[in-house]
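Trainee: Supplied in structure tokens, the structure appears directly below.
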Amino acid sequence: MIVCLCHRVSDRDIQVAVKGGTTSFDALQDDLRVGSACGCCQDSARSVFDEACAGVCACAGREPGRAAAALTH
Ligand code: FES
């Protein structure tokens, strides 16, 4: 499923980025540019990112959009 139409970023792209070590939503935006144009996809992209992080670390996702911080412990 395409999450970001502006940059053609899919949910799978986000999942692959998280599995590859992307540890914050800001880093995800730097890498994939998701949500960096019109911004319409930000909520959806954050949800997909948080879900992907939760799959990597069970304690992630307590703070939406900040899941990556939980990955450091
Ligand atoms: S749809 Fe993602 S920035 Fe526009």
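Every number in this text was worked out from the coordinates using simple rules, so none of it is lab data. This one's a predicted model, so the numbers in the text were calculated from it and none came from an experiment. With ideal geometry, Cβ positions are generated from the backbone for all residues, glycine too; neighbour counts draw on all protein chains shown.
Trainee: Rank these for me by crowding, 40, 53, going from fewest to most other beta carbons within 10 Å. Intermediate results must be reported in sequence, preceding the final value.
Mentor: Numbers: 40 12, 53 27.
Sorted ascending by nearby Cβ count, the order is 40, 53.
Trainee: In whole Hz and in residue order, list the ³J(HN,Hα) couplings for region 6-21 that follow from phi through the Karplus curve 6.51 cos²θ - 1.76 cosθ + 1.60, θ = phi - 60°; x for Gly and Pro.
Mentor: Result, rounded to whole Hz: 4, 10, 6, 9, 9, 4, 5, 4, 5, 4, 5, 4, 5, 5, x, x.
Trainee: Per residue of region 41-54, what does 6.51 cos²θ - 1.76 cosθ + 1.60 with θ = phi - 60° give for ³J(HN,Hα)? Whole Hz please, x for Gly and Pro, Karplus curve as stated.
Mentor: Whole-Hz 3J(HN,Hα) from phi for region 41-54: 8, 3, 5, 5, 5, 5, 5, 5, 4, 5, 5, 5, 5, 4.
Trainee: What's the FRET efficiency of residue 38 with residue 16 using the Cβ-Cβ distance as r and R₀ = 30 Å, to the nearest 0.05?
Mentor: Numbers: r = 23 Å, r/R0 = 0.77.
Calculated value: 0.85.
Trainee: Still on this structure: Under 5 Å between amide H atoms, partner at least 5 residues away or on a different chain: which partners does residue 3 have, H built in plane at 1.01 Å?
Mentor: For residue 3, the qualifying residues are 9, 10, 11.
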